[in-house]
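Asker: Below you'll find the structure I mean.
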Amino acid sequence: MAKIIVVTSGKGGVGKTTSSAAIGTGLALKGFKTALIDFDVGLRNLDLIMGCERRVVYDFVNVINKEATLNQALIKDKRTPNLFILPASQTRDKDALTEEGVQAVLNELSRDFDYIVCDSPAGIEKGAQMALYYADIAVVVTNPEVSSVRDSDRILGILQSKTRRAESGEDPVEEHLLLTRYNPSRVQGGEMLSVQDVEEILAIPLLGVIPESEAVLKASNQGMPVILDEGAEAGQAYADAVARLLGDQVDHRFLEVQKKSFLKRLLGGK
């Protein structure tokens, strides 16, 4: 039976789809058969980040409406064995997702996969609530700024009260905090909340801190999950986060301002 992970946020533009792609790829790299589902009906960005947009023939809504089988709609990732993508529809609206249809797709995937990673739309509208409802694990993605953190707090309220687990009295959804676009220099200058500030407000376990990095944009433009860029700090931070998700004890990195070496200062290097 697959574990269902929802990657969610209260605010848009915090790096949620980038995080979904990285976490799904990271789990597959660890040997787990993983499905990535795009719940953002009408926008559809996950296939772009994964570099498989030209291979989309059928989508999530086609499967729900029985216009295609799950096998027809799933796209096998070319780079990472064990990884499959179920894209969202670009031409339908959020009402195309029905509770019965989503549950049927998740049940079918659960029989064959170890992990299902759901890339939720931002906010609390229907598509987001549908992604949250069936979650076993929630990765709440936030930036270190007040409005983003406040909106994430609303998501935590839904996870604790409006999910399948909450309704049936099962163990609560396992919650994790993923802090993205973190810049220690800006924290030091008082322009950004610190890790401790965010942890204090949201009071959920810290899964990872992803540093602000040009490598994220570069990877997205290339249609590649940034976790595959092993030389990038952001890629390393996502790999650490996946290891923690699987229960490994890994120290957090990239939290402090990096001091330049004497040679770099002499040469004016960054």
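The values are calculated or read from the model by the stated rules, or taken from the named source; none is laboratory data. These numbers come from a predicted model, not from an experiment. A quick note on method: Cβ atoms are made from the backbone with ideal geometry, for glycine too, and the neighbour counts reach across all protein chains shown. Remember, those area values only see protein heavy atoms, side chains included, never the ligands or the DNA or RNA. Shrake-Rupley method; radii C 1.70, N 1.55, O 1.52, S 1.80 Å.
Asker: Inspect all residues belonging to the range 19-36 and state whether any of them is more than 20 Å from His176 (Cβ to Cβ), outside any helix (DSSP H, G or I) and modelled with pLDDT of 95 or more.
Answerer: There is at least one residue in the range 19-36 that is more than 20 Å from His176 (Cβ to Cβ), outside any helix (DSSP H, G or I) and modelled with pLDDT of 95 or more.
Asker: Looking at Val61, Val41, Val57, which is the one that is open to solvent by less than 30 Å² (accessible area, probe 1.4 Å) and in a loop (DSSP other than H, G, I, E, B)?
Answerer: One residue alone meets the criteria, Val41.
Asker: Let me ask another. Among (1) touching a strand residue (DSSP E or B) at 6+ places or on another chain (Cβ under 8 Å); (2) modelled with pLDDT under 95, where does Leu43 come up short?
Answerer: That leaves (1) as the condition not met.
Asker: With the structure loaded, tell me whether Val209 is part of a strand (DSSP E or B) and touching a Lys or Arg at 6+ places or on another chain (Cβ under 9 Å) or whether it fails that test.
Answerer: Taking the combined requirement at face value, the residue satisfies it.
Yes/no per residue for (1) of a type outside the set (Gly, Ala, Ser); (2) at pLDDT 95 or above; (3) touching a helix residue (DSSP H, G or I) at 6+ places or on another chain (Cβ under 9 Å):
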| residue | (1), (2), (3) |
| --- | --- |
| Ser220 | no, no, yes |
| Ile227 | yes, yes, yes |
| Gly235 | no, yes, yes |
| Phe254 | yes, no, yes |
| Ser261 | no, no, no |
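Asker: Here's another thing I want to ask about it. Of the numbered conditions (1) modelled with pLDDT under 95; (2) open to solvent by less than 10 Å² (accessible area, probe 1.4 Å); (3) in a helix (DSSP H, G or I), Asp95 satisfies every one except a single condition; which is it?
Answerer: (2)
Asker: Select from the range 214-232 the residues that are open to solvent by less than 40 Å² (accessible area, probe 1.4 Å) and either outside any helix (DSSP H, G or I) or aliphatic (A, V, I, L, M) (or both) and list them in ascending order.
Answerer: Across the range 214-232, the qualifying residues are Ala215, Val216, Ala219, Gly223, Pro225, Val226, Ile227, Ala232.
Asker: Across the range 64-77, what is the number of residues that are open to solvent by less than 40 Å² (accessible area, probe 1.4 Å) and in contact with a Phe, Trp or Tyr (Cβ under 8 Å, 6 or more places away or on another chain)?
Answerer: The total comes to 5.
Asker: Now for a separate question. Which one is modelled with the highest pLDDT among residues in the range 78-92 that are open to solvent by 10 Å² or more (accessible area, probe 1.4 Å) and under 22 Å from the mean Cα position of the chain (by Cα)?
Answerer: Residue satisfying both the conditions and the ranking: Phe84.
Asker: Among the residues of the range 233-257 satisfying the criterion of being in a loop (DSSP other than H, G, I, E, B) and in contact with a Phe, Trp or Tyr (Cβ under 9 Å, 6 or more places away or on another chain), which is surrounded by the fewest Cβ atoms within 10 Å (Cβ to Cβ)?
Answerer: Leu246
Asker: Here's another thing I want to ask about it. Keeping to the range 26-38, report how many residues are buried (at least 20 other Cβ atoms within 10 Å of the Cβ) and either in contact with a Lys or Arg (Cβ under 8 Å, 6 or more places away or on another chain) or not hydroxyl-bearing (Ser, Thr, Tyr) (or both).
Answerer: The qualifying residues number 7.
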